[in-house]
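Take a look at the structure set out below.
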Amino acid sequence: MPRTTLLAALAAGALCFAALPAGAALYKWVDANGRVVYSDQPPPANANVKTETLHAPPPPSNPNAAKELAQKQMELGKRQTERNEAAAKVDKDRTAKGKRSEECTQANASLQQLSWGQIVIYRANEKGEQVPMDEAARAKEKARIEAWMKENC
């Protein structure tokens, strides 16, 4: 027998041997108590029941396939959670940056108003009465706003 024919015969035999578990039968019947029974063994010969042979899917080739699938699903869930948290952080940062930009714009406008000496600016005193700001109060407020802008803008 030539070598290629021998190899072909061995390969065909290996394929037939690998297909044996796929041919395993699954049996279904109703027992004497009226319960439906599924088994890989046929019902007892003395049981007078109608048997139905079902074709079961082949067993998994990897016995750890269920564990590996569960692990992969867990890792996928973890990555999705991390992506969601990162997106929420980016949104929060974007919102904070927009708010900060608005605050800086308002502070800059206040500085400009304080710089215009001909415009009277009123502030409320501790009694809630409006009083005009004098030059010292303007300079103090201007220094406070400039310090805030240097730190935050």
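Rule-based calculations on the coordinates, nothing more; no lab input. Keep in mind it's a predicted model, so treat the numbers as computed, not measured. No Cβ is skipped: glycine too gets one built from the backbone with ideal geometry, and neighbour counts run over all protein chains shown.
Translational diffusion coefficient of region 99-153 (Stokes-Einstein, Kirkwood radius from Cα pairs, 37 °C, 0.692 mPa s): 272 µm²/s. Residues whose amide H lies under 5 Å from that of V30, counting only those 5 or more places away or on a different chain, are V37, K50; hydrogens are built 1.01 Å from N in the peptide plane. Counting neighbouring Cβ atoms within 10 Å and putting the fewest first, the residues L54, L114 line up as L54, L114.
Partner lysines whose Cα lies under 24 Å from the Cα of K28, excluding those fewer than 8 positions away in the same chain, are identified as K50.
Starting from the Cα gyration tensor of region 26-116, take the square roots of the eigenvalues, sort them a ≥ b ≥ c, and report rounded, prolate or oblate (rounded when a/c is under 1.5, otherwise prolate if a/b is larger than b/c, else oblate). Verdict is prolate for region 26-116.
Across the options Q80, T105, Q118, the greatest Cα extent toward the positive end of the charge dipole of region 76-128 (unit charges at beta carbon of Lys, Arg, Asp, Glu) belongs to Q80.
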